[in-house]
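To keep things clear, I will list the structure first and then write my remarks on it.
The values are calculated or read from the model by the stated rules, or taken from the named source; none is laboratory data. Remember, predicted model here, so these are calculated numbers, not experimental data. All Cβ positions, even for glycine, are placed from backbone atoms using ideal geometry, and neighbour counts span all protein chains on display. Calculation scope for accessible area: heavy atoms of the full protein, side chains included, ligands and nucleic acids excluded. Shrake-Rupley method; radii C 1.70, N 1.55, O 1.52, S 1.80 Å.
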Amino acid sequence: NIFMNKNFISTTILLFISAGFLNAQQLYMPRNITKAIENGTRSLDGSPGQNYWQNGGKYDISETVNPETKIVSGVEKIVYTNNSPDTLKFLAIRFVNNVHKPAAPRGGYMGDNFFTTGLDITSFSVNDEQYDVDSKNWGTVASVRLKQPLLPHSSANLNIAWNYPLSKQDGREGQIDSTTFYVAYSYPRISVYDDYNGWDFIPHTLRQEFYNDFNDYQLSVKVPKDYVVWATGDLLNADEVLQPAIAKRLKESYTSNDVIHIADFNEMMQHKVTLQNEWNTWKFSADHITDVCYAVSKNYVWDATSALVDANANRRSSVQAAYNDTAKDFHHYAKWAQHSLEYFSKEWPGVSFPFPKMTSFQGHADMEYPMMVNDATVSSSGRFGNRGFKFAQMVQDHEIAHSYFPFYMGTNETRYAFMDEGWATTFEYLIGIEENGKPDADSTYKMFRISRYIHDASAEEDMPIITMSTQESGAAYGNNSYGKASLSYLALKDMLGDATFKKALHHYMDEWHGKHPIPWDYFNCMSTGSGQNLNWFFKNWFFSNNYIDLRIDTIRKEKGFYTINVKNVGGFAIPFDIKIVYSDGQISSLHETPAIWKNNEKEQLFKISAKKIIKSVEVDGGIFMDYTPGDNIWKQ
């Protein structure tokens, strides 16, 4: 008898007593996610389950950058803890920089200067036992079978020595000029082992981004004299690597509201910045963070200030910028970043900036890293026409917003890019309203985030947002990850109102920061946090092939009313305004939130008093750009 089965009874009770029962059941949920809920690592109300676990490690990394050979070499000790209930018979080792190897899979064509020989591991041991690993045949992730399996709730000590060449064609990392390098993904790391997929063996292809454990890091970087190092984490030994006047300015910047020029171009050229030892070793520390990276240069100038990110605790974060003195926009970057950190802390998302530092470095990637961004200069490249500095500030805002998603929240960018890019795009838009006014922010958002998507009628454009990012190609990846996802968050904000939306968002962030949330955790947390069953909304936006297309179908005058029939041809539950112009010139406007589509996603009828003659009616979605705007206007 099935009703006498213990497992069935316990599972049934779990399902029915959970506040999120209806939420989970109405949304498609993959089998592995269902199993995670049954195992108690996730829950139907969106919070981490009573059996939730995640693995992690302590990394002690020492690297040397040789500017002559362009070789990065390093040694590291990793104490990796298996908090899972599983016995691990092998470890997945990830080294993203192997994407530069000619045989590695990639998402597009790369020039000859992109390619390198990749990782060379010269020593690899686990618990003092040496392993013979052939890293020459590794891709971006490889398996090392353990001689002694790692038991649940136990740790392993790894010691690895390695080297690899910096790519000449810099992007997210590599050689920016002959004496300037962005050094990211520079160390072999243990890939994620999680509760819903086990080992993460998805290769890095330059398209999708990253998924990492939260680890504690000690990082030492050895470089020749006159080379400055900017890195993730707190600089521990400023007095051991900087000349006294420079170290003094840096320390003063930690509490300053003004931008301090730590080192200008003349000081860099006149050897007045670093201590004049043959080599200097810079030491950094960062705890419970998903990655570390650094950049080095002997010709970049250096600015710094600080941002008040928590007024109650009087906590400030250091804000720094490193750049070629000719990059005119970067002269503003420290001040812009200060504003970003304070806005994000106070307004949206309204969570105190979670890290002690943010450094903006001039490269070519427009890419985020924990406590660092690598941005291209707008002024030197002439990108994006006459938008100039506004666009440069927007790019930096976007990359700094990633401090929350994915770095604070630990989301899986590889599988679910919309969980980080969509939020960064949303915060980029909201801070843009404050910086440049709503008309400018709307115009920029539509131009760079929505227009290409809505004007492309290809089938890929309308793939469900929930589609795994690894399964998307072409424009589908960008539109699902950035524009469409962002629109879903803004539509929900419009529907719930700012106060309830922020309450729900904070509930999600409070439950999952420092962990590894997945989309269903977000869906159920937002329902729980808002006190509403939002399943219909998430099903409409994330699990459908909908797009944005409203149409004024008919307008009839009868019995003292105009009846306006608005069809939702595309299907997305979007907010919109009905703008009415009367024959006497009077104008009225009616705003509808996405809630209007809850019970009927296909069409809605609106009754307007016929005391005055209507001259024209327009349905306007604003930033929710319409695929066929011509049928959104009716004229008498």
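Here are the numbers:
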quantity	calculated
Simple label model, 7 Å out from Cα along Cβ direction - residue 109 to residue 157, nm	5.2
Computed accessible area, residue 447, all protein chains, 1.4 angstrom probe, square angstrom	100
Relative packing of 269-276, 217-224, which averages over residues the other C-beta atoms within 10 Å, highest first	217-224, 269-276
Selection from 609, 548, 507 lying farthest towards where the dipole of segment 488-636 points positive, charges on Cβ	609
Fully extended contour minus Cα-Cα distance, from residue 77 to residue 251, at 0.36 nm per residue	59.6 nm
Cβ crowding within 10 Å averaged over residues, with 230-241, 314-325 ranked highest first	314-325, 230-241
Residue-level accessible surface for residue 556, protein heavy atoms, 1.4 Å, Å²	110
Cβ-placed point charges (K, R +1; D, E -1), dipole of the chain about Cα centre in debye, nearest 20	1340
Rounded Å value of the spacing that divides the Cα centres of segment 592-636 and segment 405-444	28
Cβ-Cβ FRET estimate between residue 587 and residue 471, R0 fixed at 41 Å, reported to 0.05	0.30
Of all accessible heavy-atom area on segment 307-367, the percent that carbon and sulfur account for (1.4 Å)	44
Positive-end extreme of charge dipole, the chain - chosen from 105, 44, 424 (charges on Cβ)	44
Most to least accessible of 147, 515 (protein chains only, probe 1.4 Å)	147, 515
Accessible surface, per residue, of the chain when the full set of protein chains is kept, probe 1.4 Å, Å²	40
Share of carbon and sulfur in the accessible heavy-atom surface of segment 483-636 [1.4 Å probe, %]	49
Protein-only accessible surface order, largest first, of 328, 357 at 1.4 Å	328, 357
Placed amide H near residue 243: partners under 5 Å, 5+ positions off or other chain	274, 275
Value at 222 nm in deg cm²/dmol, rounded to 500, when DSSP H runs of n ≥ 4 in the chain each add -39,500 (n - 2.57)	-7000 deg cm²/dmol
Net charge over other residues, Cβ less than 13 angstrom from the Cβ of residue 157 (K, R count +1; D, E count -1)	-2
Label-point separation in nm, residue 613 to residue 205, each point 7 Å along Cα→Cβ	6.1
Inter-probe distance in nm under a simple model that places probes 7 Å from Cα toward Cβ, at residue 236 and residue 315	2.1
J(HN,Hα) series, segment 265-282, from Karplus relation 6.51 cos²θ - 1.76 cosθ + 1.60, nearest Hz, glycine and proline x	5, 4, 5, 5, 6, 9, 6, 9, 9, 8, 4, 8, 6, 4, 10, 10, 10, 8
Charge context of residue 476, other residues only, Cβ under 9 angstrom, K/R +1, D/E -1	-4
Residue 106 accessible area, 1.4 Å probe, all protein chains in place, Å² to nearest 10	60
14 Å beta-carbon shell around residue 59, net charge (K/R +1, D/E -1)	-2
Sulfur and carbon atoms: percent of accessible area, segment 374-464 [1.4 Å]	54
